[in-house]
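Read the structure below first, then the notes.
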Amino acid sequence: MSFTNGLGMQFVWIPPGSFVMGSPKEEKGRQSNETQRKVTLTKGFYMGVHLVTQEQWQTVMGNNPSGFKGEKSLPVEVVSWNDSQGFLKRLREKDKKPYRLPTEAEWEYACRAGTTTPFHFGETISTEQANYNGNGVYGDGKKGVYRAKTTPAGSFPANAFGLHDMHGNALQWCQDWYGDYPQGNAVDPQGAEKGQFRVVRGGSWHYPPAICRSAYRFKNQPDDRYSNFGFRACLFLN
């Protein structure tokens with residue numbers, strides 16, 4: 001199931017389900033904050049096929065903060081978590097629909113799309129599949145190109161859910177405060193109750209492939225703005 005809103009933003013349905021969040025101890029590049037646990041998401045949701053683009057941001061917010069300007073379909077970047085909330089608030093008012101950022105669990109579930117490997121592509125990744133710093137290699141992968149900038153929406157293959165750029169291109173803010181994963185299985189986790197940092201996921205054009213893994217966790221202050229920070233919208237109808 002999919003739909004396109006009045007702004008031309010495309011969304012695909014992410015069904016409810018369970019998955020193992022985090023990474024196994026033997027995964028290359030694993031960090032200590034990626035402890036595995038079973039997570040169940042009881043409600044499906046719609047997720048943006050692409051990162052929010054500069055054209056979409058311009059239409060809603062009336063400006064373009066991005067560092068890499070050019071094509072309209074480039075992702076908007078140099079946006080903080082707070083900025084993303086401003087965009088989503090206006091989008092809710094404009095479209096009369098309950099948009100928000102994904103939680104960290106929703107993001108990883110959507111990124112993996114049923115896979116258990118470091119990337120939804122498999123055990124490794126190439127710069128023909130995603131936009132990251134190709135000077136780095138992962139596993140049995142090879143060096144690739146380092147584009148040193150963002151690429152237009154839809155430039156690389158989608159995952160099994162139909163989502164593009166879940167690995168690389170621009171980092172993606174999540175709704176949650178950052179915190180250690182609680183022990184034990186979880187149902188619809190919402191992250192820490194409070195904190196200093198918000199969760200960021202997915203890696204970017206600037207980072208090597210290990211940082212683009214499905215399980216890799218970033219944290220940044222909610223007012224941080226960098227040229228590799230973007231986001232994608234989700235829609236929850238129940």
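Taking Phe19, is it among the hydrophobic types (A, V, I, L, M, F, W, C) and open to solvent by less than 20 Å² (accessible area, probe 1.4 Å)? So Phe19 does not fit the description; no. Can you find, within the stretch 202-224, the residue that is farthest from Phe119 (Cα to Cα) among those that are buried (at least 24 other Cβ atoms within 10 Å of the Cβ) and touching a helix residue (DSSP H, G or I) at 6+ places or on another chain (Cβ under 6 Å)? Here the answer is Gly203. Restricting the stretch 86-102 to residues that are surrounded by 17 or more Cβ atoms within 10 Å (Cβ to Cβ) and not aliphatic (A, V, I, L, M), the residue that is nearest to Asn5 (Cα to Cα) is Tyr99.
Each row is one residue, and each column tells you yes or no for (1) within 17 Å of Thr117 (Cβ to Cβ); (2) in contact (Cβ under 8 Å) with a residue 24 or more places away in the chain; (3) open to solvent by less than 70 Å² (accessible area, probe 1.4 Å).
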| residue | (1), (2), (3) |
| --- | --- |
| Leu7 | no, yes, yes |
| Lys25 | yes, no, no |
| Gly29 | yes, yes, yes |
| Glu34 | yes, yes, yes |
| Arg37 | no, yes, yes |
| Thr40 | no, yes, yes |
| Val49 | no, yes, yes |
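Val199 fails exactly one of the following numbered conditions: (1) of a type outside the set (Ser, Thr, Tyr); (2) in a loop (DSSP other than H, G, I, E, B); (3) open to solvent by less than 30 Å² (accessible area, probe 1.4 Å); (4) in contact with a helix residue (DSSP H, G or I) (Cβ under 6 Å, 6 or more places away or on another chain). What is the number of that condition? Here Val199 clears every test but (2). Taken as a whole, the structure leaves Gln54 outside the set of residues that are over 17 Å from Arg232 (Cβ atoms), out of contact with any helix residue (DSSP H, G or I) (no Cβ under 6 Å at 6 or more places or on another chain) and either touching a residue at least 12 places away in the same chain (Cβ under 8 Å) or among the basic types (Lys, Arg) (or both). Pairs are defined by a Cβ separation below 6 Å, a sequence spacing of at least 6 or placement on different chains, a first member in the stretch 174-193 that is closer than 21 Å to Asp224 by Cβ, and a second member that is among the acidic types (Asp, Glu); the pairs so defined are Cys174/Glu104; Asp176/Glu104; Gly191/Glu104; Gly191/Asp176. Listed by position, the strands (runs of 3 or more DSSP E) inside the stretch 1-53 whose residues that are within 16 Å of Leu163 (Cβ to Cβ) number at least 3 are 2-4, 10-14, 45-48.
To keep it simple, each residue is scored yes or no on (1) assigned to a strand (DSSP E or B); (2) modelled with pLDDT under 95; (3) among the basic types (Lys, Arg).
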| residue | (1), (2), (3) |
| --- | --- |
| Pro182 | no, yes, no |
| Lys194 | no, yes, yes |
| Gly203 | no, no, no |
| Ala210 | no, no, no |
| Ala215 | no, no, no |
| Asp223 | no, no, no |
| Asn238 | no, yes, no |
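The values are calculated or read from the model by the stated rules, or taken from the named source; none is laboratory data. Computed from a prediction, not measured in an experiment: that's the story for all the values here. Glycine also receives a Cβ, built like all others from the backbone with ideal geometry; neighbour counts cover every protein chain displayed. For accessibility, only protein heavy atoms count, side chains too; no ligands or nucleic acids. Shrake-Rupley method; radii C 1.70, N 1.55, O 1.52, S 1.80 Å.
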